[in-house]
Amino acid sequence: MSEIEKLQELIQSSSNIVFFGGAGVSTESGIPDFRSVDGLYHQKWDYPPEEILSNSFFFNNTKEFYRFYREKLLVQGIKPNAAHFKLAELEQKGKLKAVITQNIDGLHQAAGSKNVFELHGSTLRNYCTKCGKFFSAQDIISIRNEEGIPLCTECNSLIKPDVVLYGEALDDDCVNGAVLAIENADLLIIGGTSLTVYPAAGLIRYFRGNSIVLINKDATQSDSIADLVIHDSIGKVLGEIKV
């Protein structure tokens, strides 16, 4: 029996599936990941990306933050790929109960997924730091002062992306919802993540179900915890699954 056939069998025999995904799910849509050879962490900027994407850097060097943010994180014209669409289809069929993602691009919802826990927030949501007015990603691209900093059209205060930066805590409601989903799952599919980013990666310890499937192009330090490991493209693998 092939790995795909084994995955197909696990999905067919499960009724409460949860998917936990990372950057690898979106790379096939043209969004660079953070840790691969071609990822954001290996590209040259005036500051390390880890520093730029921190809470302190956002407030202390806002101009440089937004220069990086607009060029590297507000990727325009992106569309969901086979993995996103298959997960949405599994949810529509009642098999998949939740998607838990570390990504901030909104592609799961664009593909049709409804119950999505965005652990690290979303670039699609932005709020004024003073009055709380909402702004879209397109607003962040178009609304800016001479320094390139987006300011609120109501009170002229700084707008901040609803993205969890380094030095910030994850949203409690989001985490609690994700934990509950994992606790109730009978099958946990982990895809496109090396499981090295905490505290997000630590959530999988709450799984008490039957099987864990790990799909990632490269081997991870967590391969040993999985009942089925597939080293391949997440889009290719899920694209072959029949619902």
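The values are calculated or read from the model by the stated rules, or taken from the named source; none is laboratory data. Model, not experiment: these values are computed from the prediction. As a convention, Cβ positions derive from the backbone with ideal geometry for all residues, glycine included, and neighbour counts pool all protein chains shown. The area values use the complete protein model at the heavy-atom level, side chains included, leaving out ligands, DNA and RNA. Shrake-Rupley method; radii C 1.70, N 1.55, O 1.52, S 1.80 Å.
Could you give every pair whose Cβ atoms fall below 9 Å, whose first residue belongs to segment 198-212 and is closer than 15 Å to Phe19 by Cβ, and whose second residue is of a type in the set (Gly, Ala, Ser) and at pLDDT below 85, counting only separations of at least 6 or pairs across chains?
Sorted first by the residue in segment 198-212, then by its partner, the pairs are Ala201/Ser194.
Looking at (1) of a type in the set (A, V, I, L, M); (2) buried (at least 19 other Cβ atoms within 10 Å of the Cβ); (3) over 23 Å from Glu50 (Cα atoms), can you tell me which one Ala200 breaks?
(3)
Would you confirm, using the coordinates I've provided, whether Leu238 is crowded, with 20+ Cβ neighbours inside 10 Å, under 18 Å from the mean Cα position of the chain (by Cα) and without any contact (Cβ under 8 Å) to a residue 40 or more places away in the chain?
no
Test of understanding: among Asp218, Asp223, Asp186, Asp172, which residue is closer than 30 Å to Asp139 by Cα, charged (D, E, K, R) and open to solvent by 20 Å² or more (accessible area, probe 1.4 Å)?
One residue alone meets the criteria, Asp172.
Give me the residue from segment 116-153 that is exposed (fewer than 15 other Cβ atoms within 10 Å of the Cβ) and touching a helix residue (DSSP H, G or I) at 6+ places or on another chain (Cβ under 8 Å) and, out of that set, nearest to Gly235 (Cα to Cα).
Ile141
Need the failing condition index for Gln109 against (1) farther than 30 Å from Ser14 by Cα; (2) open to solvent by 40 Å² or more (accessible area, probe 1.4 Å), just the number.
Here Gln109 clears every test but (1).
Do any residues in segment 147-172 that are aromatic (Phe, Trp, Tyr) have Cβ atoms under 7 Å from those of residues that are modelled with pLDDT under 95 and open to solvent by 60 Å² or more (accessible area, probe 1.4 Å), where the two are at least six apart or on different chains, and which pairs are they?
Once the first residue is aromatic (Phe, Trp, Tyr) and sits in segment 147-172, its partners that are modelled with pLDDT under 95 and open to solvent by 60 Å² or more (accessible area, probe 1.4 Å) give Tyr166/Glu50.
If you take the residues of segment 49-92 that are touching a helix residue (DSSP H, G or I) at 6+ places or on another chain (Cβ under 9 Å) and loosely packed, with under 13 Cβ neighbours inside 10 Å, which of them is farthest from Thr27 (Cα to Cα)?
For segment 49-92, the residue satisfying everything is Glu50.
If you take the residues of segment 1-24 that are in contact with a helix residue (DSSP H, G or I) (Cβ under 7 Å, 6 or more places away or on another chain) and either at pLDDT below 95 or open to solvent by 30 Å² or more (accessible area, probe 1.4 Å) (or both), which of them is farthest from Val179 (Cα to Cα)?
Ile4
Which one of these is among the aliphatic types (A, V, I, L, M), at negative phi and at pLDDT 95 or above: Ala110, Ala137?
Only one candidate passes the filter, namely Ala110.
Report yes if Gln102 is free of Cβ contacts under 8 Å to residues at least 60 places away in the same chain and open to solvent by 10 Å² or more (accessible area, probe 1.4 Å), otherwise no. Steps first, answer last, please.
Details: free of Cβ contacts under 8 Å to residues at least 60 places away in the same chain: no; open to solvent by 10 Å² or more (accessible area, probe 1.4 Å): yes.
No.
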